[in-house]
1. Can you confirm whether the range 15-23 contains a residue that is in contact with a Phe, Trp or Tyr (Cβ under 9 Å, 6 or more places away or on another chain), surrounded by 10 or more Cβ atoms within 10 Å (Cβ to Cβ), at pLDDT 75 or above and not aliphatic (A, V, I, L, M)?
2. Please list, ordered by first then second residue, the pairs with beta carbon atoms under 7 Å, 6 or more apart or interchain, first in the range 242-254 and under 13 Å from His110 (Cα atoms), second at pLDDT below 85.
3. In contact with a helix residue (DSSP H, G or I) (Cβ under 7 Å, 6 or more places away or on another chain), closer than 22 Å to Val238 by Cβ and not in a helix (DSSP H, G or I): is that true of Ala191 in this structure?
4. Can you go through Val96, Val108 and tell me which one is more than 15 Å from Leu157 (Cα to Cα) and out of contact with any Gly (no Cβ under 8 Å at 6 or more places or on another chain)?
5. What tally of residues in the range 131-157 results from selecting those that are over 19 Å from Arg86 (Cβ atoms) and touching a helix residue (DSSP H, G or I) at 6+ places or on another chain (Cβ under 8 Å)?
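The values are calculated or read from the model by the stated rules, or taken from the named source; none is laboratory data. What you are looking at is a predicted structure, and each value in this text was computed from that prediction instead of being measured. Glycine gets a Cβ as well: all are built from the backbone with ideal geometry, and neighbour counts include every protein chain shown.
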Amino acid sequence: MSEWLVLTLAMAAACAVVLTIVAINHRRVGEDDDPTETPDVMEYMTMMIGVVYAIVLGLAIAGVWEGRGAAQESVRQEAQALHEVRVRSEVWPAEVHRRIGADVEAYVSHVIGPEWRTMEERGEVTEEGAELLHKLRRTVSDYRPADPHEAEAYQPLVDQVAAVDDARSQRSENAGETMPGVVWFGLITGALIAVGLIFTLQIRRTFRELLLAGLYSALIAFLLFLIWAIDAPFGRGVSATTEPFLRLFPHLGA
């Protein structure tokens with residue numbers, strides 16, 4: 001049995017139980033019952049639905065913001081590790097240092113250029129970026145230190161290249177949208193219910209009530225847009241940036 005079918009059956013069962021209990025209680029009510037003496041639960045139900053939906057919205061915003069922060073942190077770690085590779089290779093011969101520096105700059109130029117645009121448009125990294133990183137790894141790992149001083153820098157350099165690869169993998173995982181479709185279904189459905197319940201409170205056409213209803217609806221629309229804007233950490237308005245790369249490799253940004 002699929003999880004969607006289980007969800008549908010659970011929701012239908014919950015509605016059926018509540019409606020059955022209400023129908024049974026309604027039949028047991030005597031003719032002399034005065035409904036004006038019964039507390040009106042409409043306002044309470046509306047308030048509770050609004051509170052629950054506000055909690056869901058808050059959790060969704062926190063989730064996508066955390067994903068955006070993780071994406072930005074992976075970019076920072078990748079840029080810092082590449083900077084360490086370039087700097088630490090200075091203890092090796094000048095020719096090797098130049099090759100490593102050229103490989104690092106070629107990789108960074110590709111990341112902040114074509115690969116970044118690919119992440120924005122398709123939510124994925126490129127094969128060319130992986131090939132450039134593999135070339136850098138081979139350049140570092142193929143060198144054989146000539147003396148103990150050079151040998152001391154070998155393993156840290158290899159570790160930094162591994163850190164670049166790990167940060168790139170995290171960036172790849174965070175490149176796409178983070179919110180599942182079922183969550184969007186719940187958010188949009190909840191918004192329609194929350195706004196629709198406004199009409200159960202018998203709003204009149206006074207300026208104050210119409211203004212509050214409009215602001216309430218606009219606030220929900222803004223929060224949904226904010227979640228959508230942050231949902232793709234590299235693809236929309238509130239997205240991760242290339243600032244860590246540009247700060248450590250400013251000449252490439254120019």
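1. So the first thing to find is which residues in the range 15-23 are in contact with a Phe, Trp or Tyr (Cβ under 9 Å, 6 or more places away or on another chain), and the list is none.
No, the range 15-23 contains no residue that is in contact with a Phe, Trp or Tyr (Cβ under 9 Å, 6 or more places away or on another chain), surrounded by 10 or more Cβ atoms within 10 Å (Cβ to Cβ), at pLDDT 75 or above and not aliphatic (A, V, I, L, M).
2. Leu246/Gly253
3. For Ala191, the condition - in contact with a helix residue (DSSP H, G or I) (Cβ under 7 Å, 6 or more places away or on another chain), closer than 22 Å to Val238 by Cβ and not in a helix (DSSP H, G or I) - is not met.
4. Numbers: Val96 fails: more than 15 Å from Leu157 (Cα to Cα).
Answer to the selection: Val108.
5. Total meeting the criteria: 0.
Residues are listed down the side, and each one gets a yes or a no for (1) modelled with pLDDT under 90; (2) in contact with a Phe, Trp or Tyr (Cβ under 9 Å, 6 or more places away or on another chain):
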position: Ile55; (1), (2): no, no
position: Arg86; (1), (2): no, yes
position: Glu95; (1), (2): no, no
position: Ser109; (1), (2): no, yes
position: Glu121; (1), (2): yes, no
